[in-house]
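Each remark here refers to the structure printed beneath this line.
The values are calculated or read from the model by the stated rules, or taken from the named source; none is laboratory data. This is a predicted model, so every value here is computed, not measured. Heavy atoms of the whole protein, side chains included, go into the accessibility calculation; ligands, DNA and RNA do not. Shrake-Rupley method; radii C 1.70, N 1.55, O 1.52, S 1.80 Å.
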Amino acid sequence: MTRINFSPYSATQLQQIVHARLKSVKDGLSDDSQEALSSDAIKLAAMKVSGISGDARRVLDICRRTVELVHPERRTARPPDVKEVIRVMQNSPTAAYLRECSLHERMMLASLIKCIKREGVQEIKWGE
């Protein structure tokens, strides 16, 4: 198996990706529909993600969750909504578990991740 590594996207590139996705969705809708995300909300999400990983999937996930959050209210998502989604994502059970790990547990998990990335497989056999 060959692993392809992509360079992280910049905040500007992430904004362009989100705007392109929103444009493709809006093209399929009627012209009188309101914006799902404000430009400031997209900019905030892109800046947060570019500062950490630059992963386009992550910024799209944040934007999707933000739209889902405000959808029942039928309004445009704003930066405080993005902040709320990021806060909830950072307080997930997995993130909480990792925060509680000792230094040695974290080192073990980091070494496992490094092995998985180096080998390009989804599981590592112990022993032998």
Exercise. For region 27-76, just say rounded, prolate or oblate: build the C-alpha gyration tensor, square-root its eigenvalues into a ≥ b ≥ c, call rounded for a/c under 1.5, and beyond that prolate if a/b exceeds b/c, oblate if not.
Key: prolate
Quiz item: Residues with amide H under 5 Å of LEU37's amide H, sequence separation 5 or more or different chain, H placed in the peptide plane at 1.01 Å from N; which?
Solution: ALA77
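Under DSSP H, which helices of the chain have Cα atoms covering 15 Å or more of the helix axis and a Kyte-Doolittle average no less than 0.0? Intermediate values should be presented prior to the final figure.
Values: long enough: 11-27 (24 Å, -0.41); 39-52 (20 Å, 0.79); 56-70 (21 Å, 0.22); 79-90 (16 Å, -0.26); 103-119 (24 Å, 0.04).
In the chain, the long hydrophobic H runs are 39-52, 56-70, 103-119.
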Exercise. Name the residues whose placed amide hydrogens come within less than 5 Å of the amide hydrogen of GLY54, ignoring near sequence neighbours (fewer than 5 apart) on the same chain.
Key: none
Exercise. Return the subset of LYS48/LYS114; LYS48/LYS125; LYS26/LYS48; LYS23/LYS48 for which the Cα-Cα distance in this structure is over 27 Å, preserving the input order.
Key: LYS48/LYS125
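Scale the Cα Rg of the chain by the rule-of-thumb value 2.2 N^0.38 Å and send over the ratio, two decimals. Write out the running numbers ahead of the final one.
Values: Rg = 18.3 Å, N = 128, 2.2 N^0.38 = 13.9 Å.
With N residues counted in the chain, Rg over 2.2 N^0.38 Å equals 1.32.
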Quiz item: Taking only DSSP H segments of four or more residues, each worth -39500 (n - 2.57), what value at 222 nm results for the chain once the sum is divided by all its residues, to the nearest 500 deg cm²/dmol?
Solution: -21000 deg cm²/dmol
Practice problem: At a 1.4 Å probe radius, which order do HIS71, HIS104, HIS19 fall into by accessible area, largest first? | Solution: HIS104, HIS71, HIS19
Quiz prompt | Solvent accessible area, Å² - TYR9, 1.4 Å probe, full protein context | solution = 90 Å²
